[in-house]
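The values are calculated or read from the model by the stated rules, or taken from the named source; none is laboratory data. The shown structure was predicted, so the numbers you read here are calculated from the model rather than taken from an experiment. Here the Cβ is made from the backbone with ideal geometry for all residues, glycine too, and neighbour counts use every protein chain on show. Calculation scope for accessible area: heavy atoms of the full protein, side chains included, ligands and nucleic acids excluded. Shrake-Rupley method; radii C 1.70, N 1.55, O 1.52, S 1.80 Å.
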Protein chains: 2
Amino acid sequence: MTIKKMYQEFKNLKDNDAISIEGWVFSNRGNDKIRFITLNDGSTVRNLQLVIKGDLINKSNVDNINSGSAISVKGNLSLTPSAPQPFEILVSELTLINKVDEDFPIQKKETSLEFLREVPHLRHRTNLIKTVMIIRNTLAFEIHKYFQEHDFINIASPIITSNDGEGAGETLVVDDENPEMFFKQKAFLGVTGQLHAEALAAGLKKVYTFAPTFRAENSHTSRHLAEFWMVEPEVAFYDLNKIILLADDLLKTVISNTIKKHPDEMDFLNKLSGEKLLLTLNKFLNNKLTILDYRDAVEKLKAFKDQFEEQNIHFGMDLASEHEKFISEKIVDGPVAIINYPKNIKAFYMHQNSDKQTVAAFDLLVPGIGELIGGSQREGDYNKLLNRMNELNMSIEPLQWYLDLRRFGYAYSSGFGIGFERLIMYVTGVANIRDVIPFPRIAGTIKM
Amino acid sequence: MTIKKMYQEFKNLKDNDAISIEGWVFSNRGNDKIRFITLNDGSTVRNLQLVIKGDLINKSNVDNINSGSAISVKGNLSLTPSAPQPFEILVSELTLINKVDEDFPIQKKETSLEFLREVPHLRHRTNLIKTVMIIRNTLAFEIHKYFQEHDFINIASPIITSNDGEGAGETLVVDDENPEMFFKQKAFLGVTGQLHAEALAAGLKKVYTFAPTFRAENSHTSRHLAEFWMVEPEVAFYDLNKIILLADDLLKTVISNTIKKHPDEMDFLNKLSGEKLLLTLNKFLNNKLTILDYRDAVEKLKAFKDQFEEQNIHFGMDLASEHEKFISEKIVDGPVAIINYPKNIKAFYMHQNSDKQTVAAFDLLVPGIGELIGGSQREGDYNKLLNRMNELNMSIEPLQWYLDLRRFGYAYSSGFGIGFERLIMYVTGVANIRDVIPFPRIAGTIKM
């Protein structure tokens, strides 16, 4: 029995039901006649109230039980319809398993997120980070469930690759410590599983990866990590339009199921956000996706250029975060997929449109955070792909296998990537990406 | 509609039902009056028979459609109760989307697994590798589902760590290509997520990782990869006995659900194994787990020492694969957990038993493959853990955070690791680990 289940099913619980539970103490107050301990077991942000009376207080050494201590408890349920919590436990047996030393940095009083980043091994014992980890888990499972229900095959793209990630110079290199190279060639940590996913989609049709991805990002922003998780579906026989509909449906299903599963956690996060979080999420859930051509987006933005730092709005520009937010929040007022970007600001593998200027790419923007998903239809024509790689001075040999897919019944395929931590930020309202992954990795330091 | 669903639900399908489907051609035979194309869409190892008649043969250029081609088809279902397959599709429209060049290395005739390893981007288009990928997907999802149904939180242990993996010298090093170190210290690819999972279990109670893991293994065996996936649950308040029961129940649930979901794929694999695979798996599923003390296992092995290459059977030895297989296949004749290993052959973090010689570790051995899972109760006492680390001359500072968990309400916890690819080998009967992961990574080479 978890505390989450007790709250979910308390209408089936009866006065005096025997309860046995283990967890960590949140608070311990009262006097030498009656004590109230609130207990958490990690299953929910809500705590369970324990009542300890009379002799048991001395016998169990309740004075020694400080916040953070691990205890094991037996007792009986008592329904308390007039109290703030619907029930409590009258304790008959209490064992202190491990107390916390006085320098335990997690205290009931508010602590700054910045300070908590110094103790990533302990910070999930605060209400906020615990809640984020619970939501993270449900989002991950709902993503797997969605794909399984839609006939996708979960595949493992390799993490170690011979591909330096389009030569952007932001890759991490892997080797052992011997003078000879372990792989007899330079090896990199993958920046995407997409190219390998395309290979598997040709034959398995609908595939997805859910795996860590790496970037040697030197920027210390609240939105970048050197190690983060990506979700990358790839579907053969899907064009740009179909893959956009999949992205929209996936996001809406996963987010709405997660909200439904966690009323207590979402309520806690919503209050923290000043009651804004659920408004933002519901605006996304309840609004139909708008599809907007990049050209039209640029034209629309021109009318508002005074409002931006970057005011040189023109075809060929990469939309900045301020522009993306403005489009979804002010122009569309809902989720929007911008499509058909200029080819020069997008990756080599994207399907070249017949206008010769644009590619069949899309970015999905949502109110509140901006870009959540980027994807495209892939170029299926061997020669067009080869020409584009040559235009970009890419070395062909390491990607010959990828080109060859086009010679071997590849059809066409489309896919996208979701930065999983960005999605968690969106659903939890947490502003810094370092607070939604247990042990964030950034340039310059490794904590724990 | 997938081909898998058509076979699953064909009793609800009616003669003449309209069908529209895309996929890849397996075979194309017949004459200029009638053609039979078998089609696969990656959802199952079974193919769908397409029948093309009369004018349509010329109109659709059926002669050009070779094995591996991507096609799109419209037609009508025709029930064929007397034929080997229960239904076929009478095609009314056929579009060749992409054919394959003549050097397509995947042909209908049998190809060696060794040769297929040279073309990892294409080999999933054989029946065997396709089947393995389908089973891999279901095993992965069933593992997630099991943990979710048992109140576990999926966590991300970091891949990049400052920990060189107990100093075994088998870790891979990560850095960018600039002269200064990217992380300002040496960084490694994790060999386990366990230590970080322990931190999160203290507070979240039941957690698990499912993530890639890395070893700079130089051994070119059929059981080792430099990059493989691990499943690592960690549960606070669980002792050795409870974690063994969890491991047994997890394996049995996941394997039996996977078999049930894939009658066609398991039938295919069973035939390939000479009808041995399902016998082996059922023997595991239908036999209660035996728990055997390491001391007793060694005594029992002594009686059979003539049968082993390593005949020096004594307390303190590490059991070799031959011993493990013998125990589960001959001595126990079913799944067995060996417990309480000598501390000198096990890791520093394991709970030290009161005999001062052994630790509360277990290995779960199954008939047919030997060790499938290794785990332990962790040492919860700060000083005992510190002493053990000192005995082993480990450097304390990088793991001070891990020690500190014991000062901050850690209670006790237990966990184990499943090498995910080993599990796939076991369930599919595939003998070489390189054939159960799409793009295997081993010393000396990176293919694709």
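Here are some notes:
- Residue among A:219, A:157 that alone is crowded, with 24+ Cβ neighbours inside 10 Å, part of a loop (DSSP other than H, G, I, E, B) and either facing another protein chain (nearest Cβ under 9 Å) or of a type in the set (Ser, Thr, Tyr) (or both): A:157
- Scanning segment A:182-202 for residues that are without any contact (Cβ under 8 Å) to a residue 24 or more places away in the chain and within 16 Å of residue B:439 (Cα to Cα) turns up just one, A:183.
- Taking the conditions (1) in a loop (DSSP other than H, G, I, E, B); (2) within 11 Å of chain A (Cβ to nearest Cβ); (3) in contact (Cβ under 8 Å) with a residue 24 or more places away in the chain in turn, residue B:46 satisfies each one other than (2).
- Selection within segment B:94-118 - surrounded by fewer than 19 Cβ atoms within 10 Å (Cβ to Cβ) and either over 16 Å from residue B:66 (Cα atoms) or basic (Lys, Arg) (or both): B:108, B:109, B:110, B:111, B:112, B:113, B:114, B:115, B:117, B:118
- Condition check for residue B:384: open to solvent by 20 Å² or more (accessible area, probe 1.4 Å) and over 30 Å from residue A:126 (Cβ atoms): no
- The strands (runs of 3 or more DSSP E) found wholly in segment B:346-448 and carrying at least 1 residues that are within 14 Å of chain A (Cβ to nearest Cβ) occupy B:370-377, B:413-419.
- Flag for residue A:246 being at pLDDT 95 or above and farther than 30 Å from residue B:160 by Cα: yes
- Residues that are open to solvent by less than 10 Å² (accessible area, probe 1.4 Å) and more than 18 Å from residue B:421 (Cα to Cα), drawn from segment B:197-216: B:197, B:198, B:199, B:200, B:201, B:202, B:203, B:204, B:207
- The number of residues in segment A:188-212 being at pLDDT 95 or above, in contact with a Phe, Trp or Tyr (Cβ under 8 Å, 6 or more places away or on another chain) and part of a strand (DSSP E or B) comes to 6.
- Residues of segment B:222-236 that are more than 10 Å from chain A (Cβ to nearest Cβ), in a loop (DSSP other than H, G, I, E, B) and open to solvent by less than 10 Å² (accessible area, probe 1.4 Å): B:225 alone.
- Residue selection: residue A:171 satisfies the criterion of being within 26 Å of residue B:420 (Cβ to Cβ) and open to solvent by less than 40 Å² (accessible area, probe 1.4 Å).
- Hits in segment A:291-317 (condition: open to solvent by 50 Å² or more (accessible area, probe 1.4 Å) and not in a loop (DSSP other than H, G, I, E, B)): A:291, A:295, A:296, A:299, A:300, A:302, A:305, A:306, A:307
- Conditions (1) closer than 20 Å to residue A:204 by Cα; (2) open to solvent by 60 Å² or more (accessible area, probe 1.4 Å): number failed by residue B:70: (2)
- Here residue B:179 clears all of (1) touching a residue at least 60 places away in the same chain (Cβ under 8 Å); (2) more than 10 Å from chain A (Cβ to nearest Cβ) except the condition numbered (1).
- If you go through segment B:81-97 and pick out every residue that is modelled with pLDDT of 95 or more and of a type in the set (S, T, N, Q), you end up with 2.
- Single residue of segment A:1-43 satisfying the filter (open to solvent by 60 Å² or more (accessible area, probe 1.4 Å) and assigned to a helix (DSSP H, G or I)) that is modelled with the lowest pLDDT: A:11
- Test: residue in segment B:388-395 that is polar (S, T, N, Q) and within 21 Å of the chain's Cα centre (by Cα): no
- When residue A:280 is tested against (1) without any contact (Cβ under 8 Å) to a residue 24 or more places away in the chain; (2) touching a Pro at 6+ places or on another chain (Cβ under 7 Å), exactly one condition is not met: (1).
- Checked against (1) of a type in the set (Ser, Thr, Tyr); (2) farther than 25 Å from residue B:419 by Cβ; (3) at the interface with another protein chain (Cβ under 8 Å from one of its Cβ atoms), residue B:92 meets all criteria but (3).
- Qualifying residue in segment A:141-149 (condition: farther than 30 Å from residue A:443 by Cα and among the polar types (S, T, N, Q)): yes
- Complete set of residues in segment A:174-196 that are among the β-branched types (Val, Ile, Thr), farther than 30 Å from residue B:131 by Cβ and open to solvent by 10 Å² or more (accessible area, probe 1.4 Å): A:191
- Residue ID - surrounded by the fewest Cβ atoms within 10 Å (Cβ to Cβ), chosen from residues in segment B:47-65 that are under 33 Å from the mean Cα position of the chain (by Cα) and within 23 Å of residue A:413 (Cβ to Cβ): B:47
- Scanning segment A:74-93 for residues that are surrounded by 16 or more Cβ atoms within 10 Å (Cβ to Cβ) and more than 14 Å from residue A:17 (Cα to Cα) gives no hits.
- Candidate set: segment A:106-154, residues that are part of a helix (DSSP H, G or I) and among the acidic types (Asp, Glu); chosen: the one farthest from the other protein chains (Cβ to nearest Cβ): A:114
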